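Step one of this worksheet: look at the structure below.
The values are calculated or read from the model by the stated rules, or taken from the named source; none is laboratory data. Source: prediction; values computed, not measured. Virtual Cβ from ideal backbone geometry, glycine too; neighbours counted across all protein chains shown. For the accessible areas, the whole protein counts, side chains as well, though only heavy atoms, and no ligand, DNA or RNA atoms are used. Shrake-Rupley method; radii C 1.70, N 1.55, O 1.52, S 1.80 Å.
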Amino acid sequence: MGFIKKDTIEGNVKEQEVCTTDGSIDSHGHPAIRQRTGTWVTAVLILVNQGLATLAFFGVGVNLVLFLTRVMGQENAEAANNVSKWTGTVYIFSLLGAFLSDSYWGRYITCAIFQLIFVIGLVSLSLSSHIFLLKPSGCGDKELQCGSHSSYKTILFYVSIYLIALGNGGYQPNIATFGADQFDEGDPKEQNSKVAFFSYFYLALNLGSLFSNTVLDYFEDKGQWTLGFWASAASAAIALILFLCGTRRYRYFKPGGNPLPRVGQVFVAAARKWKFKVPREGKLYDVEESSDDGKRKMLHTIGFRFLDKAAFITSKDLEQIEEKKCSPWCLSTVTQVEEVKCILRLIPIWLCTIMYSVVFAQMASLFVVQGDAMDTGISSFNIPPASMSSFDILGVALFIFTNRHIIDPLIAKIMKTKLSELQRMGIGLVLAIMAMVSAGLVEKFRLKYAIKDCSNNCEESSSLSIFWQVPQYMLTGASEVFMYVAQLEFFNGQAPDGLKSFGSALCMTSISLGNYVSSLLVAIVMKISTRHDIPGWIPGNLNLGHLDRFYFLLAALTTADLVIYIVLARWYKYTKFQEKNLEDIKRKNQEGFIV
């Protein structure tokens with residue numbers, strides 16, 4: 001139930017309109033009217049924006065490893081590492097975007113600013129590639145290598161791609177949460193739509209990359225890099241314009257201020273009372289939290305009892321409360337304490353998702369390198385290796401629909417309950433292991449059909465068809481539906497109300513660290529496996545290496561991670577929120593409103 005806005009003409013009630021109950025506001029700062037703001041009207045606009053922005057991002061990212069090898073002249077291992085570092089940096093910037101959004105700017109302003117930076121980076125890359133890097137003209141395909149580049153040209157290239165990383169990274173966690181903001185949790189119908197939104201958001205992300213992984217990838221593989229980069233820049237610009245078009249209809253939440261002092265106050269207050277023993281029935285400091293910004297109170301939970309000391313009321317605290325001189329650095333509210341507990345509980349689960357992201361990182365690096373060393377021909381047509389990720393996208397689309405319309409209803413009918421987010425994330429890890437085993441087996445067969453005397457520049461270094469990679473891409477796509485969609489739901493739902501973008505950023509940051517860990521693993525493996533007469537597991541010519549062993553190593557590490565994850569998932573306690581008091585919301589918005 002909402003509260004109702006009162007419009008009058010000459011003292012008569014003209015119209016009654018139901019407003020949202022979650023504290024959201026409209027573009028003028030007034031409580032959002034349910035009929036005029038949000039819902040699928042704005043959510044669809046955000047989904048299209050996400051699709052176009054993803055098209056732009058993957059127009060660069062999906063073929064970056066080949067651009068580094070063919071245009072910048074790097075070796076396979078070096079290029080794979082640089083792609084992992086760049087991709088990792090993209091998602092590290094998601095923490096910056098989430099912090100600015102939750103603390104100061106709000107999600108709308110943050111999305112707009114970082115999308116603008118994204119467009120600037122893409123335009124810079126397009127110009128620098130056309131003017132400086134692609135010399136001689138037409139270079140960068142399989143046959144014609146580009147010439148060497150001076151330091152300032154290389155620096156300009158890296159500045160451009162890291163501007164893209166900054167723009168996309170700061171935008172990504174906020175657009176997902178901003179889309180979820182368009183649905184009122186206080187309305188049952190909109191609450192169900194909010195859950196569905198995350199699935200469609202991930203589907204839009206993947207469909208957006210489909211064009212990049214097919215059409216743009218084809219032109220870039222033929223050496224037409226500038227065309228691909230300019231198409232990405234145009235797509236990002238259109239996405240920004242569409243995003244701004246919805247300004248008047250969006251629902252907004254006010255930023256909650258810097259959360260770091262609130263977290264610090266809990267630890268300081270708990271440390272001041274480290275000698276106190278909190279009785280199980282001890283009185284904890286609990287006050288009415290302001291709901292102007294849509295925040296809910298959090299209920300006390302068992303666990304991390306040392307933090308409860310921060311909210312334990314001593315006789316000295318009681319005196320200061322009566323004198324209204326109580327400092328938050330001496331006494332914290334239950335909600336403050338529970339916010340810290342929530343973050344501490346989320347971190348172990350989040351750490352277990354990093355190994356999955358190591359597996360996911362291979363799709364943009366070593367999967368492409370592996371495909372480039374296979375038979376890519378169909379009659380007279382050659383398939384760009386990076387375009388094989390379109391099978392990952394098909395896997396995502398297929399499993400999103402089958403999961404929502406077949407698997408989930410079937411499980412609910414048999415088990416009388418739906419799979420939780422944590423259970424779905426566990427299934428994602430199992431599918432990731434299967435994907436790595438599949439990739440390892442394909443590599444063993446690729447080596448079996450390898451052309452032994454093939455150099456790095458030969459047209460194909462194995463007669464095994466690239467379509468043998470389809471299972472590993474499909475399995476990766478299926479695992480994404482269970483892992484990343486569930487992650488978005490889980491971290492967004494479990495994060496405190498003032499840290500929703502931070503919750504989405506955790507998902508992005510796990511991808512970031514996964515790429516860094518992938519880069520580190522490649523470096524370690526190459527260091528250990530390379531000898532004077534042995535080129536290592538991932539050399540320039542894969543026919544001389546053992547990429548299959550690296551894939552099997554990742555499968556083993558992910559299996560160990562799965563075991564740890566199962567233990568932590570059983571230990572995890574879900575965050576408990578107090579239902580919002582509708583009467584309080586009405587009272588705070590009395591002016592111009594009636595029940």
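Of all positions in the range 430-452, none carries a residue that is open to solvent by less than 10 Å² (accessible area, probe 1.4 Å), small (Gly, Ala, Ser) and not in a helix (DSSP H, G or I).
Among the residues of the range 128-178, the ones that are open to solvent by 30 Å² or more (accessible area, probe 1.4 Å) and closer than 24 Å to Lys254 by Cβ come to 0 in all. Against the criterion of being of a type in the set (Val, Ile, Thr), open to solvent by 10 Å² or more (accessible area, probe 1.4 Å), at pLDDT below 85 and over 15 Å from Ser84 (Cβ atoms), Ile528 does not qualify. Scanning the range 36-61 for residues that are open to solvent by less than 10 Å² (accessible area, probe 1.4 Å) and either part of a loop (DSSP other than H, G, I, E, B) or touching a His at 6+ places or on another chain (Cβ under 7 Å) (or both) yields Thr37, Gly38. When Ile451 is tested against (1) modelled with pLDDT of 90 or more; (2) β-branched (Val, Ile, Thr); (3) more than 28 Å from Gln487 (Cβ to Cβ), just one condition goes unmet, and that condition is (1). In this structure, is Ile354 modelled with pLDDT of 90 or more, in contact with a Gly (Cβ under 9 Å, 6 or more places away or on another chain), open to solvent by 10 Å² or more (accessible area, probe 1.4 Å) and outside any loop (DSSP other than H, G, I, E, B)? In short, yes. Across the range 129-145, what is the number of residues that are over 22 Å from Asn382 (Cβ atoms) and free of Cβ contacts under 8 Å to residues at least 24 places away in the same chain? Adding up the residues that qualify gives 2. For the condition over 19 Å from the mean Cα position of the chain (by Cα), more than 23 Å from Glu443 (Cα to Cα) and either modelled with pLDDT under 85 or among the polar types (S, T, N, Q) (or both), what is the one hit in Thr402, Thr376? Answer to the check: Thr402. For the range 239-252, the set of residues classified as touching a Phe, Trp or Tyr at 6+ places or on another chain (Cβ under 9 Å) and assigned to a loop (DSSP other than H, G, I, E, B) consists of Thr247, Tyr250, Arg251, listed by residue number.
So that you can scan it fast, the table gives a plain yes or no per residue for (1) within 30 Å of Phe132 (Cα to Cα); (2) of a type outside the set (Asp, Glu); (3) free of Cβ contacts under 8 Å to residues at least 40 places away in the same chain; (4) surrounded by 18 or more Cβ atoms within 10 Å (Cβ to Cβ):
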{"position": "Ala180", "(1), (2), (3), (4)": "no, yes, no, yes"}
{"position": "Asp187", "(1), (2), (3), (4)": "no, no, no, yes"}
{"position": "Phe201", "(1), (2), (3), (4)": "no, yes, no, yes"}
{"position": "Asp217", "(1), (2), (3), (4)": "yes, no, no, yes"}
{"position": "Asp221", "(1), (2), (3), (4)": "yes, no, no, yes"}
{"position": "Ser235", "(1), (2), (3), (4)": "yes, yes, no, yes"}
{"position": "Thr247", "(1), (2), (3), (4)": "no, yes, no, no"}
{"position": "Lys254", "(1), (2), (3), (4)": "no, yes, no, no"}
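State which residue pairs qualify: first residue over 13 Å from Arg305 (Cα atoms) and inside the range 267-292, second residue of a type in the set (D, E, K, R) and at pLDDT below 85 in any location, beta carbons under 7 Å apart, and separation of 6 or more residues or different chains. Within 7 Å, the pairs are Glu289/Lys295; Glu289/Lys297; Ser291/Lys580; Ser291/Asp584; Ser291/Lys588; Asp292/Lys588. If we keep just the residues of the range 500-515 that are open to solvent by less than 20 Å² (accessible area, probe 1.4 Å) and among the aliphatic types (A, V, I, L, M), which is farthest from Gln191 (Cα to Cα)? Filtering the range 500-515 for residues that are open to solvent by less than 20 Å² (accessible area, probe 1.4 Å) and among the aliphatic types (A, V, I, L, M), the one farthest from Gln191 (Cα to Cα) comes out as Ile511.
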